[in-house]
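The values are calculated or read from the model by the stated rules, or taken from the named source; none is laboratory data. None of the values given here were measured: they were computed from a predicted structure. Counting neighbours? That spans all protein chains shown, and the Cβs are built from the backbone with ideal geometry, glycine included.
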Amino acid sequence: MTIDKEVLTKRINVASNRIPADIVVKNGRIIDVFNREIIHGDIAIADGYIVGIGDFEGKEVIDADNRYVCPSFIDGHVHIESSMVTPSEFAKAVIPHGVTTVITDPHEIANVAGKEGIQFMIDDSENVPMDIRIMLPSCVPATPFENNGAQLNAEDLQTFFSHKRVLGLAEVMDYPSVLNNEDTMIDKLVTTSKYSNFIDGHAAGLNSEELNVYAAAGIGTDHECNTASQALERLQRGMYVLIREGSAAKDLTSILPLVNDKNARRFLFCTDDKHLDDLVEKGSIDHNVRLAIKEGLDPLLAIQMASLNAAECYGLKNKGAIAPGYAADFLLLDNLDAISISAVYTSGKLTAEDGKYVGEKIESVQPSAELTNTIHVPDLKEEDLDIPISGESAHIIGVSPNSIVTNKLVEKVQTENGVFVPSASLDQMKLAVIERHSRTGNIGLGIVKGLEIKEGAIASTVAHDSHNLVTAGANDQDVITAINTIKSMNGGLAVVKNEKVIAALSLNVAGLISDKDSETVCKSLHLLNTALSEIGCSQTFNPFLTLAFLTLPVIPALKLTDKGLFNVEMFSHISVDPSVLYR
């Protein structure tokens, strides 16, 4: 951080009480995250930074009225695209939940639109009252087992490192490339080391020996733990553990029992992937903090994890605490246990009050035509979706509700003329992934159990991480109607019943993001949720988020790409038909 002489002189003069502060916060119970205790005093602010705690006078006084003054929260790892709104709209939705800094990975849009997608996310987040830090996508494409829309090498990434908000390299999910010293991956790691010490991990399914490779490569974090034992192995190798509570993956209650006074400083919170309606209604990192407290964690420790720990993990030396030299990003809390946020301040300015964004108007950036024309899918016939089965059984992707890990199942299926027939009674639906970037014509076909669709079909262009078009349904006619609906919207989500669209949301920016405001998108998501009920889907988990992760071939155990059914444990494609050993 650089600072000029005039600004520094002013801070020193305010801190020494020679001149009044710009703002003074009085009558607050200050949360000291260094010692995890409550302290008292006036908080002096100059030019958006805290310069002192004690007795101060200021040009403006904020009366905390005996509320807790808490450092604002930091999301350690989030894909803003998963909210389905632009960064500028995301900020307005999340700031009221006390989050004023996020570490984001534009991996999703980069896999569709490459450098232009990253630049759009940077540009649209430039003038928002939130500190949006960028980790550059490390895996574009995510794997060689599918087709995506772009390819980024080390040279492509290097052009972004000069940007002041770029922190480092985002989640390295291609473990085999690291293990085997694959040139393009090693080049990315080496290039990053010239500019940054921050490299995020994605260590899903890795054992302790494999974690050694990650840590030796300079990878310092992981957000893919879903058990306490996995988290412990990462701590033992010097890694930070990001405890995730998103819309699909919910790991907090499993990992939290491991957190204690000896190791707590190596834990922080993240949301990773969270839909906008979940963010607005349940919260962001504030939800993680509330849940941790409900599970028995000391409130001050939960707050420390959500603020100071996250700041230290990513080298944000002026974030995460109420102390001199730190940014004046803070919350006023009515209640410590419930984390009831009455006001949010960013750089000393009121940006949210009583759950509403009240900051300055944020101007969004217009996406280019290249970003709004990314759906290239051929016209399909029903026979294009046929899945031949020679016997009575098939390999099936088994959904685990509220988890992105799937099960590899072999079950008896219904067939007709040697072709799979979906069955609501068996909860076996047809699943298809259609390549939408380069007009390859690829269609990956499979069977999924656990979506609980009784009739109709759903489709989406949010399909991690290559974001091809994914659809699941009870009959081919509804599946094709859903596909055609997505094409007509230039990407999005759709629910179909009896060949009629009963709800849809256009995501015309790269097939991932709406160009509408957050309120409009929230209303559309509510209509989609109602429509999901109409076709029989359970309300205990989000079928669209679950669907989006059925295509991610770096998370165990069985997934589907545009090239076919993929066994993550074998790192190879297999046939839906078990009688065919390899595909």
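Summary of values
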{"quantity": "Residue match in the stretch 277-288 (condition: basic (Lys, Arg), within 16 Å of Asp75 (Cβ to Cβ) and touching a Gly at 6+ places or on another chain (Cβ under 8 Å))", "calculated": "no"}
{"quantity": "Unique residue being more than 28 Å from Ser488 (Cα to Cα), surrounded by fewer than 17 Cβ atoms within 10 Å (Cβ to Cβ) and at pLDDT 95 or above when the list is Gly348, Gly359, Gly315", "calculated": "Gly315"}
{"quantity": "Selection within the stretch 61-91 - surrounded by fewer than 24 Cβ atoms within 10 Å (Cβ to Cβ) and among the charged types (D, E, K, R)", "calculated": "Asp63, Asp65, Arg67"}
{"quantity": "Leading residue by the ranking (surrounded by the fewest Cβ atoms within 10 Å (Cβ to Cβ)) among those in the stretch 380-399 that are of a type in the set (Asp, Glu) and assigned to a loop (DSSP other than H, G, I, E, B)", "calculated": "Glu392"}
{"quantity": "Ser364 being surrounded by fewer than 14 Cβ atoms within 10 Å (Cβ to Cβ), farther than 30 Å from Ile12 by Cβ and out of contact with any strand residue (DSSP E or B) (no Cβ under 7 Å at 6 or more places or on another chain)", "calculated": "no"}
{"quantity": "Ile322, sole failed condition from (1) surrounded by fewer than 24 Cβ atoms within 10 Å (Cβ to Cβ); (2) assigned to a loop (DSSP other than H, G, I, E, B); (3) at pLDDT 95 or above", "calculated": "(1)"}
{"quantity": "Breaking point among (1) closer than 16 Å to His97 by Cα; (2) touching a helix residue (DSSP H, G or I) at 6+ places or on another chain (Cβ under 7 Å); (3) surrounded by fewer than 24 Cβ atoms within 10 Å (Cβ to Cβ); (4) charged (D, E, K, R), for Lys274", "calculated": "(3)"}
{"quantity": "Hits in the stretch 400-450 - residues which are outside any strand (DSSP E or B), modelled with pLDDT of 95 or more, crowded, with 24+ Cβ neighbours inside 10 Å and hydrophobic (A, V, I, L, M, F, W, C)", "calculated": "none"}
{"quantity": "Scan of the stretch 279-306 for residues that are without any contact (Cβ under 8 Å) to a residue 24 or more places away in the chain and either within 21 Å of Cys522 (Cβ to Cβ) or of a type in the set (S, T, N, Q) (or both), ordered by number", "calculated": "Glu281, Lys282"}
{"quantity": "Restricting the stretch 12-26 to residues that are surrounded by fewer than 20 Cβ atoms within 10 Å (Cβ to Cβ) and more than 23 Å from Leu308 (Cα to Cα), the residue that is nearest to the chain's Cα centre (by Cα)", "calculated": "Asp22"}
{"quantity": "Failed criterion for Gly58 (all others in (1) crowded, with 22+ Cβ neighbours inside 10 Å; (2) small (Gly, Ala, Ser); (3) in contact with a helix residue (DSSP H, G or I) (Cβ under 9 Å, 6 or more places away or on another chain) hold)", "calculated": "(1)"}
{"quantity": "Residues (of a type in the set (Asp, Glu) and either at positive phi or assigned to a strand (DSSP E or B) (or both)) located in the stretch 495-520", "calculated": "Glu499"}
{"quantity": "Output for the stretch 185-208, where each listed residue is modelled with pLDDT under 95 and either in contact with a His (Cβ under 7 Å, 6 or more places away or on another chain) or in a helix (DSSP H, G or I) (or both)", "calculated": "Ser208"}
{"quantity": "Residue in the stretch 420-436 that is under 23 Å from Ile574 (Cα atoms) and of a type in the set (Ser, Thr, Tyr) present", "calculated": "yes"}
{"quantity": "Close pairs from the stretch 559-581: first within 10 Å of Ile396 (Cα to Cα), partner part of a strand (DSSP E or B) and among the basic types (Lys, Arg), Cβ under 9 Å, at least 6 apart", "calculated": "Leu565/Lys559"}
{"quantity": "Selected residue (only one of Pro556, Pro578 is assigned to a loop (DSSP other than H, G, I, E, B) and not assigned by TED's automatic domain parsing to the domain that holds Arg439)", "calculated": "Pro578"}
{"quantity": "Subset of the stretch 458-494 that is among the small types (Gly, Ala, Ser) and either modelled with pLDDT under 95 or part of a helix (DSSP H, G or I) (or both) - its residue that is surrounded by the fewest Cβ atoms within 10 Å (Cβ to Cβ)", "calculated": "Ser488"}
